[in-house]
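As C-alpha coordinates, the structure follows; a few thoughts come after it.
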Amino acid sequence: MTLSSFLVNADATLVPMKDWNWKHWIKNRYVITLLVSAVYLLFLEEMTLFDLMEYKSRIGEMEQQQEYYEHQILETERSIEELTTNQAALERFAREEHFMKRENEDIFVFIE
(Lines give C-alpha, C1' and ligand atoms only; values in the text may rest on other atoms or scores of the structure.)
Protein backbone atom coordinates (compact mmCIF):
# COMPACT_ATOMS: atom_id res chain seq x y z
CA MET A 1 0.00 0.00 0.00
CA THR A 2 1.11 3.54 -0.69
CA LEU A 3 1.24 6.34 1.81
CA SER A 4 -1.70 8.12 0.12
CA SER A 5 -4.00 5.25 1.03
CA PHE A 6 -3.67 6.10 4.73
CA LEU A 7 -5.28 8.79 6.86
CA VAL A 8 -3.91 10.28 10.06
CA ASN A 9 -5.99 9.51 13.10
CA ALA A 10 -6.60 11.90 16.04
CA ASP A 11 -3.83 10.26 18.03
CA ALA A 12 -1.40 10.72 15.08
CA THR A 13 -1.48 7.10 13.98
CA LEU A 14 -1.94 6.03 10.40
CA VAL A 15 -5.29 4.43 9.64
CA PRO A 16 -5.87 2.62 6.35
CA MET A 17 -8.58 4.29 4.24
CA LYS A 18 -10.65 1.13 4.09
CA ASP A 19 -10.84 1.19 7.91
CA TRP A 20 -11.43 4.95 8.05
CA ASN A 21 -14.64 6.06 9.60
CA TRP A 22 -16.25 9.49 10.07
CA LYS A 23 -16.27 8.86 13.80
CA HIS A 24 -12.52 9.38 13.85
CA TRP A 25 -12.99 12.96 12.63
CA ILE A 26 -15.86 13.73 15.00
CA LYS A 27 -13.79 12.69 18.01
CA ASN A 28 -10.99 15.07 17.02
CA ARG A 29 -11.27 18.23 19.14
CA TYR A 30 -9.64 20.41 16.46
CA VAL A 31 -12.25 19.43 13.90
CA ILE A 32 -15.03 20.13 16.40
CA THR A 33 -13.51 23.51 17.24
CA LEU A 34 -13.19 24.36 13.54
CA LEU A 35 -16.79 23.37 12.80
CA VAL A 36 -18.20 25.29 15.76
CA SER A 37 -16.16 28.37 14.82
CA ALA A 38 -17.28 28.18 11.20
CA VAL A 39 -20.95 27.90 12.14
CA TYR A 40 -20.60 30.81 14.57
CA LEU A 41 -18.86 33.06 12.03
CA LEU A 42 -21.19 32.18 9.18
CA PHE A 43 -24.55 32.37 10.91
CA LEU A 44 -24.48 33.59 14.51
CA GLU A 45 -22.08 36.53 14.55
CA GLU A 46 -23.51 40.06 14.40
CA MET A 47 -21.67 40.63 11.11
CA THR A 48 -21.96 37.33 9.27
CA LEU A 49 -20.00 36.43 6.19
CA PHE A 50 -23.10 36.91 4.06
CA ASP A 51 -23.55 40.45 5.41
CA LEU A 52 -19.93 41.26 4.63
CA MET A 53 -20.34 40.04 1.05
CA GLU A 54 -23.47 42.17 0.63
CA TYR A 55 -21.73 45.25 2.06
CA LYS A 56 -18.76 44.76 -0.24
CA SER A 57 -21.12 44.63 -3.21
CA ARG A 58 -22.88 47.80 -2.08
CA ILE A 59 -19.54 49.56 -1.63
CA GLY A 60 -18.64 48.73 -5.24
CA GLU A 61 -21.95 50.16 -6.47
CA MET A 62 -21.48 53.30 -4.40
CA GLU A 63 -17.96 53.82 -5.72
CA GLN A 64 -19.33 53.67 -9.27
CA GLN A 65 -21.99 56.21 -8.34
CA GLN A 66 -19.32 58.42 -6.81
CA GLU A 67 -17.31 58.38 -10.06
CA TYR A 68 -20.45 59.21 -12.05
CA TYR A 69 -21.37 62.16 -9.82
CA GLU A 70 -17.80 63.49 -9.79
CA HIS A 71 -17.89 63.46 -13.59
CA GLN A 72 -21.27 65.23 -13.56
CA ILE A 73 -19.90 67.89 -11.18
CA LEU A 74 -16.96 68.57 -13.50
CA GLU A 75 -19.29 68.89 -16.50
CA THR A 76 -21.57 71.26 -14.59
CA GLU A 77 -18.64 73.39 -13.44
CA ARG A 78 -17.43 73.68 -17.05
CA SER A 79 -20.91 74.68 -18.18
CA ILE A 80 -21.19 77.30 -15.46
CA GLU A 81 -17.77 78.70 -16.32
CA GLU A 82 -18.69 78.92 -20.00
CA LEU A 83 -22.06 80.54 -19.28
CA THR A 84 -20.57 83.17 -16.97
CA THR A 85 -17.77 84.16 -19.36
CA ASN A 86 -19.32 83.81 -22.82
CA GLN A 87 -22.38 85.92 -23.66
CA ALA A 88 -23.12 83.98 -26.88
CA ALA A 89 -23.10 80.69 -24.97
CA LEU A 90 -25.50 82.16 -22.40
CA GLU A 91 -27.90 83.26 -25.15
CA ARG A 92 -27.70 79.88 -26.88
CA PHE A 93 -28.38 78.08 -23.57
CA ALA A 94 -31.40 80.32 -22.84
CA ARG A 95 -32.82 79.73 -26.32
CA GLU A 96 -32.27 75.95 -26.40
CA GLU A 97 -33.10 75.00 -22.84
CA HIS A 98 -35.72 77.55 -21.80
CA PHE A 99 -37.16 78.55 -25.21
CA MET A 100 -36.47 82.23 -24.55
CA LYS A 101 -36.67 84.69 -27.40
CA ARG A 102 -35.96 88.27 -28.27
CA GLU A 103 -38.76 90.75 -28.77
CA ASN A 104 -40.35 90.70 -32.21
CA GLU A 105 -39.18 87.13 -32.74
CA ASP A 106 -41.24 83.99 -33.18
CA ILE A 107 -40.08 80.52 -32.14
CA PHE A 108 -41.25 77.31 -33.71
CA VAL A 109 -40.54 74.08 -31.82
CA PHE A 110 -40.58 70.90 -33.86
CA ILE A 111 -40.94 67.70 -31.87
CA GLU A 112 -40.00 64.53 -33.68
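The values are calculated or read from the model by the stated rules, or taken from the named source; none is laboratory data. Note that the structure is predicted; figures quoted are calculated from it, not measured. Positions of Cβ are generated from backbone atoms using ideal geometry, with glycine treated the same way; all protein chains shown enter the neighbour counts.
Listed here are the residues, each with its yes/no results for (1) under 30 Å from residue 42 (Cα atoms); (2) surrounded by 10 or more Cβ atoms within 10 Å (Cβ to Cβ).
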{"residue": "57", "(1), (2)": "yes, yes"}
{"residue": "77", "(1), (2)": "no, yes"}
{"residue": "85", "(1), (2)": "no, no"}
{"residue": "88", "(1), (2)": "no, no"}
{"residue": "95", "(1), (2)": "no, yes"}
{"residue": "103", "(1), (2)": "no, no"}
{"residue": "110", "(1), (2)": "no, no"}
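Does residue 83 satisfy being in the same structural domain as residue 96 (by TED's automatic domain parsing), assigned to a helix (DSSP H, G or I) and out of contact with any helix residue (DSSP H, G or I) (no Cβ under 7 Å at 6 or more places or on another chain)? Taking the combined requirement at face value, the residue does not satisfy it. If you go through segment 28-52 and keep only what is of a type outside the set (Ser, Thr, Tyr), assigned to a helix (DSSP H, G or I) and either surrounded by fewer than 10 Cβ atoms within 10 Å (Cβ to Cβ) or touching a residue at least 40 places away in the same chain (Cβ under 8 Å) (or both), you end up with 29, 44.
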